[in-house]
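Since the structure comes first, as structure tokens, the remarks are kept for the end.
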Amino acid sequence: MEARTEAVIEIGSTGIRVLVANVSGDGAYSILERAGKPVALGRDVFTTGLVSRESTRECIAVLRGFSELLRAYGVEPGKARVVATSALREAENRDAFVDRVAMRTGFRVDVIEAIEESHYMYLAVKRSLGDDARFFARSNSIIIEVGGGSTELMLLRRGKIVAAHSLRLGTIRVDEQSKAAMGSSGYLLRFLADNVRTACDGLEDDLPLAGVRSFFVIGNDARFAARVAGSETRLDYSIVPREAFLSLVDRLKGLSVDSIVSEFRVPYSDAEALIPGLVITALFLERTGAEELVVPLVSLRDGLLIAMSGGSGSDIEAELHKQVIASVIGLGRRYHFDEDHASHVAEHALFMFDRLKESHGMGRRERLLLEAAAYLHDVGNFIRTSGHQRHSEYIVLNSEIFGLQRDELTIVGNLVRYHRKAGPSPSHANYMSLPREDRAVVLKLAAILRVADSLDRGHTQRLRLVDLEMKEDHLLLQTDCQGDLSLERLSLADKCDMFEDVFGLKVVVI
Amino acid sequence: MSHRTEKSFYFHRELSWLEFNARVLEEGLDHGNPLLERLRFLAIVSSNFDEFFMVRVAALKARRRAGDSAPDYSGMSPDELLAAIARRVREIGGKQYYCLTNEIIPALAGEGLVILRPADYDPETRRWLEDYFTGQVAPALTPLAVPAAEEADPAAGGGAGAAREADGGAARAAEFPTTGNLRIHAAFLLRARDAEGNPEGERLAIIQVPSNLGRFVRLPTGSGSRFALLDDLVMDFGHRLFPGYSVKERTLFKVTRDADIGVDEDRDDDFVAAMEEVLVNRQNSWPIRLSISADSEELAAKISAAFGLSEDDVYELAGPIDLKGFMEIAELKGFERLRYRPRAPRQTLDLTEGNTIWDEIRKRDLVLHMPYESFQPIVDFVETAASDPSVLAIKMTLYRTSGDSPIVKALSRAARAGKQVTVVVELKARFDEERNIAWASRLEQAGAIVVFGAARLKVHAKAILAVRREEDGLVRRYVHLSTGNYNDKTARLYGDLSLFTANPTICAEIGAFFNMITGLSALTELRHLSMAPFDLKHRVVSMIEREAERSSPESPGLIAAKMNSLCDKDIIDALYRASAAGVKVLLNVRGICQLVPGLKGLSENISVVSVIGRYLEHARICYFRNGGAEELYLSSADWMPRNLEKRIELLFPVYGEEARDRVYDTLMSYFLDNAKARALGPSGHWRRVKPAEGEARFSVQDYFYEDSARRLERAAAASADKVLQVRRDAP
């Protein structure tokens, strides 16, 4: 890859920050410039659900300044990678915001999902530890970042991601909560303790926390703790002993924001977040067996740069894909699905999807939705076989699938609904609630799913699709099956109607 | 005299400043200096006093007016101080005028440079001057009558005078014709006569001496160069402008006014407009001092009363008023033998197309020492950056630069060529605003981003950052940092150190520095640099404290620092504590030093020297032994509250080995000077350092000049094949 200069901008819940770096390909980069300005987006969104007009204006002013800053390095706004995290993710008017920013500044804002955020963090942390992979390899570890709107958590077993979670627990959100409770600090601490306890109980299923030996914390608050109580400072990370950290947090709890500002010489905006941020960290720390905190001196933005520079593990999409599918399979197992059948259907569906790319023109996201639906199409059998497509739909719509947003979950729900029996009709509310383009997606994907499903009519996985040929008016599916295909053909005759409608092709299996 | 009260451990700031001016005067008195240079020093003493009264004395008087009589940390109240100042100014001024009239002017006459006072005019000269006055000067004069005493007599009783003072300068301005700030005027006490020629009563009239005609009038006749003073002509022949009156008394005077009126910075939507307003107001603000020729006691009394000035504020001068104007004579063409032998600044960098400034900087961190070395590499740096197509952006602070500066021109060119040019301009450099406003708007028109000040603070740091996309496709940055201004004119006179570096950590922090001061970024912590008013002072104090902590009898700590002024109480206290802990402290302070050295139990390990010489010492350097892990810094900031708390300043480390050796050598040389150095004693007295028995004379400024001759050959040793890689990180 050619050497070049890249810029990443992160629109977070407390401010907008930028990194400019020389990227030399093969994952190496060196940071030229860091800058940031506070904008209280989180305060808006976590109280009203909206980004206020003032904050939008402020963001635009800051971004205009940054575009001037980028100009010094020859980076056009359109070329910068701009991501927004929890505040904007939750803002009801995020599309309007993104649009206005694009019109006024030329920056294209990408609102990334929590799970994607976690993965960038993971990349950044891994890089900062450099050769000290001992941290990862020797034991189970946790990566935590307490942000303004959410706390991102990642659990790793010997360096491999086991689970990633985004908790709706952040320094600004907590601050609003405690204001609502008239600032009673006892209330705040109890509130945090309750929340963290519940969250930890949930995490125990993924990974026993007591066995976690490496505790990584990212963020401003952690860096502050490293500065004040750190025992060791390396180039890219610092270490804070557990006891030193806990006693620092104890001391901070007794201080007002003003005295933190004057005693520790930190800006006001940082000092406000310090207590909730570090208390949350401490509560998690106490649940683990870690003897020290490792504070990597990195941020989400470093992760973005690593991904852009093509370093190892930089294929975030692939990493994300793995996570989503793991979560999908977990859901299937909960409802005792026929895993062999499900993965067989998924395999065929994806095979067709990939080979038909030119006819359907859909991308990676739709492929992921198809895969998820293929795994889950029969989960409704758990309730009752008859009409199970409707039970499947119900289960999907009412479950959490990691990495899928509400609108994506709705598409998956529609897909499982239409994997058999009648197709969409104006009386199907979940279908009608979709935007027009998503309805087209549902039709195309359901058509493929139905064909893939009929190829394993007997749930025996006795045939494999080996080739696929597009003829004038039909699609020829070639299988490795030497025997009788009448069962599959019968099923196909029943389910290929939608495919014919959507793609204009009859399906022939040989 | 003592410069501190019994109980105080600090010299007073203003009194210490006066001693600085006394040291400047010493150079004028020094027979070892060439005659015109001595005259120049006398002129500088006056010009220093002008600024001192306009700013410092004005501030003291403002405090007194506001009823603030609390002593400051050195233990003196405004009243005590003003009295002490008046006393010392008279002493210094007395020596200055004695030297001028009894030594310099006669000696110059002996060299063929004659300055004539009215008493010296022979009849022929007088005739010529009178003709000259009538033909050339009189048409430019505007005589103004002062309203008669009974219409407005401020001296009519203390009560009325005090009331008037409370009304402010504006009220008085209506009564007495406007006299501007530092403008020379002639005053005449006129007696009118009635038709029969009987005296009728007295009137006061004044005439401003035009400032655009030149202070000295060259006489066409006689041998050598002979000059008369324009103000003498106006005083001597001015009565011709009042036909029908006879002149009873005449005198010359000038009024000094409060110049420290702040800009209303809340109005920074249009900072330039606000600044222009201040420039106008400065002409009409509070009168602070009356300088007057000793020609008429009556007029002195009348004029001082008109301005509400007391006896303490009136300075009768035994010679021409405003010696600042004698700079014109000191710079007169054709008398080179009466000046320092010219020293051309040395070119110590061999820049060619094959060896650009970029190549030089990538070889190593590079230190330049002005004025011994040429300022040209800095101009080259900006000019190369402006014309190099690979350069994407130039960011720079500009403070007191000269109007036709090649740097400003290069920046305009770069902006017109589409490069991003960001200039942080200091409009508030005390007396230079008029010049600054003009070139700032020229830059803006060329397309540069011009930022005036930052966060309502003066930007005093000096930094240039050039961003360049290099052959390998990566962006690299080059930085220049300096202790002195980007002014090609003062660079010939001011002793400043500057550093070129491509060290990525320094460059990154300078990038962050520019983002902060241009408002693109919030404050971020700097690890290698320190920035005032945020953590610079804290950093200096903690480095002093660290030195005290690490000091032991076996290996005592060492702090060496050089600056223009040392006034910050917290830093002084930290230095006292360090001294008590056994740290040896060597200070080279050119100007004000409020620290008291050599007091037993307080500061016996601290010594202070000051070097006043041909060049104005301006560099700020500090060194900490730090238990062997030595640290060496350069800075734009003096250790004064003004610099540390109200200005944007930088303290930056010197990392390159060669650069460190050089700066260390430079700093330590000051403590070896036995030619132009003075050592400060615990009483506040400065004693000239003399060579010890058998010791050779060592002048630090001469040494630097000689040393600079050897620089170029040494630089050549870093040949192309030895080009060092740009370091990844600072050590």
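The values are calculated or read from the model by the stated rules, or taken from the named source; none is laboratory data. Predicted model, so just to flag it, every value in this text is computed and none were measured. Here the Cβ positions follow ideal geometry from the backbone for every residue, glycine too, while neighbour counts run over all protein chains shown. Side chains are part of the model used for accessible areas, which takes the heavy atoms of the whole protein and leaves out ligands, DNA and RNA. Shrake-Rupley method; radii C 1.70, N 1.55, O 1.52, S 1.80 Å.
Residue-by-condition table, conditions (1) farther than 13 Å from A:LEU153 by Cβ; (2) open to solvent by less than 10 Å² (accessible area, probe 1.4 Å); (3) assigned to a helix (DSSP H, G or I):
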residue: A:TYR187; (1), (2), (3): yes, no, yes
residue: A:VAL196; (1), (2), (3): no, yes, yes
residue: A:ALA199; (1), (2), (3): no, no, yes
residue: A:ALA210; (1), (2), (3): yes, no, yes
residue: A:ARG213; (1), (2), (3): yes, no, no
residue: A:PHE216; (1), (2), (3): no, yes, no
residue: A:ASP221; (1), (2), (3): yes, no, yes
residue: A:ARG227; (1), (2), (3): yes, no, yes
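If the condition is being surrounded by 18 or more Cβ atoms within 10 Å (Cβ to Cβ) and of a type outside the set (A, V, I, L, M, F, W, C), then the range A:400-422 contributes A:GLY403, A:GLU408, A:THR410, A:GLY413, A:ASN414, A:ARG417, A:TYR418, A:HIS419, A:ARG420. Tallying residues that are surrounded by fewer than 16 Cβ atoms within 10 Å (Cβ to Cβ) and assigned to a helix (DSSP H, G or I) within the range B:73-96 yields 7.
Residue-by-condition table, conditions (1) surrounded by 19 or more Cβ atoms within 10 Å (Cβ to Cβ); (2) touching a strand residue (DSSP E or B) at 6+ places or on another chain (Cβ under 7 Å); (3) not polar (S, T, N, Q):
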residue	(1), (2), (3)
B:LEU526	yes, no, yes
B:PRO553	no, no, yes
B:SER579	yes, yes, no
B:VAL585	yes, yes, yes
B:LEU595	yes, yes, yes
B:LYS600	no, no, yes
B:ASN605	yes, yes, no
B:LEU616	no, yes, yes
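The set of residues in the range B:351-373 being in contact with a Ser or Thr (Cβ under 7 Å, 6 or more places away or on another chain) and among the aromatic types (Phe, Trp, Tyr) consists of B:TYR372 alone. What number goes with the only condition from (1) open to solvent by less than 40 Å² (accessible area, probe 1.4 Å); (2) modelled with pLDDT under 90; (3) more than 9 Å from chain B (Cβ to nearest Cβ) that A:THR47 does not pass? If we test A:THR47 against (1) open to solvent by less than 40 Å² (accessible area, probe 1.4 Å); (2) modelled with pLDDT under 90; (3) more than 9 Å from chain B (Cβ to nearest Cβ), just (1) comes out false. Within the span defined as the range A:77-85, every residue fails to be in a helix (DSSP H, G or I), within 16 Å of the chain's Cα centre (by Cα) and among the hydrophobic types (A, V, I, L, M, F, W, C).
Here the range B:623-637 is the region considered, the condition is being surrounded by fewer than 24 Cβ atoms within 10 Å (Cβ to Cβ) and not small (Gly, Ala, Ser), and the residue that is nearest to B:LEU398 (Cα to Cα) is B:TYR633.
Within the range B:465-495, the set of residues being more than 13 Å from chain A (Cβ to nearest Cβ), modelled with pLDDT of 85 or more and open to solvent by less than 10 Å² (accessible area, probe 1.4 Å) comprises B:HIS480, B:LEU481, B:SER482, B:THR483, B:GLY484, B:GLY495.
Of the residues making up the range B:286-295, those that are among the small types (Gly, Ala, Ser) and either buried (at least 18 other Cβ atoms within 10 Å of the Cβ) or touching a residue at least 60 places away in the same chain (Cβ under 8 Å) (or both) are B:SER291, B:SER293. Candidates are the residues of the range A:245-256 that are within 33 Å of the chain's Cα centre (by Cα) and surrounded by 15 or more Cβ atoms within 10 Å (Cβ to Cβ); the one that is farthest from the other protein chains (Cβ to nearest Cβ) is A:LEU246. Residues in the range A:30-44 that are open to solvent by 50 Å² or more (accessible area, probe 1.4 Å) and at the interface with chain B (Cβ under 10 Å from one of its Cβ atoms): A:SER30, A:ARG34, A:LYS37, A:PRO38.
Of the residues making up the range B:296-336, just one is basic (Lys, Arg) and free of Cβ contacts under 8 Å to residues at least 24 places away in the same chain, namely B:LYS333. For the range A:260-276, filtered to residues that are without any contact (Cβ under 8 Å) to a residue 12 or more places away in the chain and in a helix (DSSP H, G or I), the residue that is least open to solvent (accessible area, probe 1.4 Å) is A:VAL261.
Scanning the range B:528-538 for residues that are away from chain A (no Cβ under 11 Å) and not small (Gly, Ala, Ser) turns up B:HIS528, B:LEU529, B:MET531, B:PRO533, B:LEU536, B:LYS537. Listed by first and then second residue, the pairs with beta-carbon distance under 8 Å, at least 6 apart or on different chains, first residue in the range B:505-517 and within 9 Å of another protein chain (Cβ to nearest Cβ), second in a helix (DSSP H, G or I) and open to solvent by less than 20 Å² (accessible area, probe 1.4 Å), are B:ASN515/A:LEU69.
Out of the residues in the range B:411-437 meeting the condition of being open to solvent by 50 Å² or more (accessible area, probe 1.4 Å) and on the phi < 0 side of the Ramachandran plot, tell me which one is modelled with the lowest pLDDT. In this case the residue turns out to be B:PHE431. Within the range A:488-510, the residues that satisfy the criterion of being surrounded by 15 or more Cβ atoms within 10 Å (Cβ to Cβ) and hydrophobic (A, V, I, L, M, F, W, C) are A:LEU492, A:CYS496, A:MET498, A:PHE499, A:VAL502, A:PHE503, A:LEU505, A:VAL507, A:VAL508, A:VAL509. Taking the numbered list (1) in a helix (DSSP H, G or I); (2) open to solvent by less than 60 Å² (accessible area, probe 1.4 Å) in turn, B:ILE115 passes all entries but (1). Taking the criterion of being more than 10 Å from chain B (Cβ to nearest Cβ), open to solvent by less than 50 Å² (accessible area, probe 1.4 Å) and at pLDDT below 90, the residues of the range A:13-28 that qualify are A:SER13, A:GLY27, A:ALA28. When the helices (runs of 4 or more DSSP H) confined to the range B:322-427 are screened for residues that are within 14 Å of chain A (Cβ to nearest Cβ) and within 30 Å of B:VAL451 (Cβ to Cβ), those reaching at least 2 such residues are found at B:406-416.
Residue check: is B:ALA561 away from chain A (no Cβ under 13 Å) and either within 22 Å of the chain's Cα centre (by Cα) or surrounded by fewer than 18 Cβ atoms within 10 Å (Cβ to Cβ) (or both)? Show your work before the answer.
Details: away from chain A (no Cβ under 13 Å): yes; either within 22 Å of the chain's Cα centre (by Cα) or surrounded by fewer than 18 Cβ atoms within 10 Å (Cβ to Cβ) (or both): yes.
Here the answer is yes, as B:ALA561 does meet what is asked.
From the list A:GLU54, A:GLU10, A:GLU6, A:GLU58, the lone residue that is within 14 Å of another protein chain (Cβ to nearest Cβ) and either at pLDDT below 90 or open to solvent by 30 Å² or more (accessible area, probe 1.4 Å) (or both) is A:GLU58.
Residues are listed down the side, and each one gets a yes or a no for (1) modelled with pLDDT of 90 or more; (2) touching a Phe, Trp or Tyr at 6+ places or on another chain (Cβ under 8 Å); (3) open to solvent by 10 Å² or more (accessible area, probe 1.4 Å):
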| site | (1), (2), (3) |
| --- | --- |
| B:GLU645 | no, no, yes |
| B:TYR655 | yes, no, yes |
| B:LEU667 | yes, yes, no |
| B:GLY681 | yes, no, yes |
| B:ARG688 | yes, no, yes |
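I'd like to check something: does the range B:35-47 contain any residue that is of a type in the set (Ser, Thr, Tyr) and either within 30 Å of B:LYS600 (Cβ to Cβ) or within 15 Å of the chain's Cα centre (by Cα) (or both)?
Step one: of the range B:35-47, the residues of a type in the set (Ser, Thr, Tyr) are B:46-47.
Cutting the leftovers down to either within 30 Å of B:LYS600 (Cβ to Cβ) or within 15 Å of the chain's Cα centre (by Cα) (or both) gives us B:46-47.
Checked the range B:35-47: at least one residue is of a type in the set (Ser, Thr, Tyr) and either within 30 Å of B:LYS600 (Cβ to Cβ) or within 15 Å of the chain's Cα centre (by Cα) (or both).
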